[in-house]
Structure formats: structure tokens, C-alpha cells
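Following: one structure in C-alpha cells, then a few remarks.
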Amino acid sequence: MNSSESNLFDLPSTPESAARRSRSAPLAERMRPRNLSEYAGQEHLIAPGKPLRVQIDHDDPASMIFWGPPGVGKTSLAKIIAETTQATFLEFSAVLSGIKEIKQVMAASEQASQMGSRTILFVDEIHRFNKAQQDAFLPYVERGTIRLIGATTENPSFEVIGALLSRCRVYVLKQLTEEQIVALLHRALEDRERGLGSLNLTADEEALTLLAGYSSGDCRNAYNALEVAAQLAAERAGNKHGRIDRALAEEALQQRVLLYDKTGEEHYNLISALHKSVRNSDPDAALYWLGRMFTSGEDPMYLARRVIRMAVEDIGLAAPEALNLCLSARQTMEFLGSPEGDLALAEAVVYLALAPKSNSIYLAYAEALKDIENTRQEPVPLHLRNAPTRLMKELDYGKGYRYAHDEADKVADMDCLPPSLLGRRYFEPTQEGREKQLSQRLEELRRIRQAKRGS
């Protein structure tokens, strides 16, 4: 082990070292809570008697995973646990590290463990590790060489391998409320040691509420916006006491920070909200969720594809024109681009929300696929086969076929399903929209066939 590896364990994190953070560090870094009394939010985990608090108070060495949105304090909480339990804190980034770095750190941790030193290894964005990289942690977690604390914004059920997940306790961290973030901003303005207290600034409550609301629950974003606003206020005030009002807060924000990850769970949460709002015939909610996705930078063609899917899955034959409208909206989006083409998708979404609903085709097709999966693949009945050659005709291909256009009512007394599935019904139309007419037509066709078979 080289000297750089051994240095990982030479300077354990302490409250004193944390307090001496450089004044040049960003405000969000300087204002990290140093203990549980300074920590905001997550009362469901760290209030007295709550699960994580009990684990900390009892110095329970079990590994854990913190799952929650950005800026809720996952890293800060891991550091507090290390300081409270007097363990060496190592921070490991899944973005910058591979198996080689994992093995080096694990070897150093094992040596330190043999010397009586306890190590907490904090792995940020653990969901970015592949299976082989996550496997590398397993033997050390099992032996207790390290206490692993992983942080992820993604659902660990999908992103963390089962063997590692089964050896960790998963704690779900909630998004900070607007009130909690406002309180943290007040603290930062008043703190003369680590915050902005030396600038002697005041802030309107309306301005802080605006900064908190635009942070989308991410405290880091709120701190960053406050720091910019404080710099602007200080420069304009000169030697006088500066003031942060709403106009200055708006200038500092420049652009709203929206919680969104086009490949992560929030992406699927939002499209789920849009789809279910359409299905529930709520045009207002559908427009809101569509706007959220557009504002967050979603690919318009992805949205167009999903809107077309809604037309065939939830509207179906109750309003078959909906599919053409959605296809036209997609073409309009492709032709105009965003933001001009956004209205075409908004129009389609509102129409889908207001249209009569039917999932009869969706259910019918699913039942047909189930039979295909669960029954033997029978040959096509001879009377339904084409007979383009003499040999095929001699083998009775096409024998017994009846041409519907030559039949009365254009319906022949002829079965078209395999023998084992005769009488099977997949499509059962609803009484919604156009399907009411289709239902009547289907019943008419069934009566005609029954009458011909009876005769």
C-alpha cells in the first residue's frame, strides 16, 4: 500500500476539523450541519426513538443506503454518523471511481480495521456502479471491515444488486419542505462563523420564500441562489447594510431549478402522473404534468410517443379519431419543434382527457397473447389456408372456405379460430363513445352467425 492510500486514515474527520472549512468553499458546503441538532428534516428517521436515530445512538454497525432526492442531506447525515460514532469517514464517488480504486480502498480499510480503527465508507451515487463494482464491496461488508453508507437518488430495488441490498438497511429521505429551507436560509444569513452573517444583510421573507420555492426541495440549490443574491446585495449596498428583496431574488435565480432526471425515477414518476391524469379524464392535471416535463427539458418526441400510446391504450375504439389527432400532433411537433409545437401535444392531451375511455382493445390483445403463450401452437385450419399450387389443393388447402362477400349479410358460417379455442371471445366492447355502436354491430354479427348455424 502506497503512502497516498495510508493517508486516507491519518486524519479522521472531527467536529473541529469540520468547523475550520475554508471560507472560500461554497455556502452549501460551509453550512453543512455538524450534528443532529443542526440537521433539518427527516424527523421520521432521526427524531428520538425513530429507526435511524436508534441505530446511531446504539452505534449499530449495520451498513445502510440513503435513498432520496438531491439536496436533502444524504452526505451530511453520513458525516454526522461518522463523527457521532467516532469512525473514520471516507467519501467515495461512483462517478470517478472503478474497481481498481474500490479494491485499494478496501485493502486500506481492512488494514485499518486490524489496527482497531473503524471506517465508514460513504459511496455517493452508488446506483452508478455496475454489478461487478458493487460485488467488490460484498466481502468487506459481510466481514464488517467497513460500514457502507450508500447514497442514491434512484430506487435501490432496481439499481443496487440484491446481495448488497440484503446486507443494508434502506432509509428513505424525504424532500425538504419550503418552510424548512426558509429556516436554513435564515440561519445562513445570521451565521457569522460559516455563513453570511459578516455581510450584515437583511432579507424579506417573500424573497427567501421565493428562493426556497424555486429550489424544488434541494437545499443546495437554495444555498447557491442565496449566495448569489447576497453578493449582489452587498455590491449594490457598498458599505451600507444590504437587503435582499424579491426583485433581487428573482435576478439571482435567473432560471427555475426543476427536479428532473430524464433517465431516472422522477422521469417515470412524471410520465406516470401525465398518463394517469389523462386516463382519469382530468385535462387540467394533464396539462400541468405535460408542462412540467416540457419545462424540464424532456425530449418532445418521447412525449409524442407516449401520447400516442395513451390514445391506443386508454381511448381505443371509443374515439378512434384520437389516434389520428395524436399522430398529427407528433408530425406538427416534428415540423415546428419546441416551443411552437408544444401546443399540438397540449391539444392532443386535452382531447384524450376529455374523450370517452375504453381499454377493450388493450385487454383483448392481452388475452389473445395469454392464450398464445399458454396453449399449444395449433396449425392454421385447412379452410383458412391459401392454395396457390395444385399440390396444396390436393392436400385440401382452402377446402371449405366460404367467401364472405358471396354470403348473405356478408357473414359466413365458418370458424376462424383453432379448434381448441373455438368460441373464445377476446374483444368485449364497452358502451363508451363509438364503441357503443361497435357493441351493437358485434351483437348483430353474433346473431347472424347463430341463426345460420341453427338453420
Item to check | Two-decimal Rg to Rh for the range 309-391 - Kirkwood Rh, Cα set | outcome: 1.25
Next on the checklist: Given bins 5 angstrom wide, list per bin the percent of all Cα-Cα distances in the range 265-354, short to long.
Outcome noted: 3, 16, 30, 27, 18, 6, 1
Item to check | Relative contact order [Cα under 8 Å, 6+ residues apart], the range 397-455, whole percent | outcome: 30 percent
Checklist entry - Quick one: E251, E154, fewest Cβ neighbours within 10 Å first, how do they rank? => result E251, E154
Checklist outcome for this item: Taking Cα pairs closer than 8 Å and at least 6 residues apart, the relative contact order of the chain in percent is 11 percent
Item to check | Most to least packed among 46-55, 200-209 [average Cβ atoms within 10 Å] | outcome: 200-209, 46-55
Checklist outcome for this item: Counted neighbours (other Cβ, 10 Å), sorted fewest up, put Y403, Y362 in the order Y403, Y362
Item to check | Members of K276/K357; K79/K131; K357/K410 lying beyond 23 Å, as alpha-carbon distances in this model show | outcome: K79/K131; K357/K410
Item to check | Overall form of the range 377-454 per C-alpha gyration tensor (a/c, 1.5; a/b vs b/c) | outcome: prolate
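Readers should treat all values here as calculations from the given coordinates under stated rules, not as data from a laboratory. Computed from a predicted model, the values in this text were never measured in an experiment. All Cβ positions, glycine included, derive from the backbone under ideal geometry; neighbour counts span all protein chains shown.
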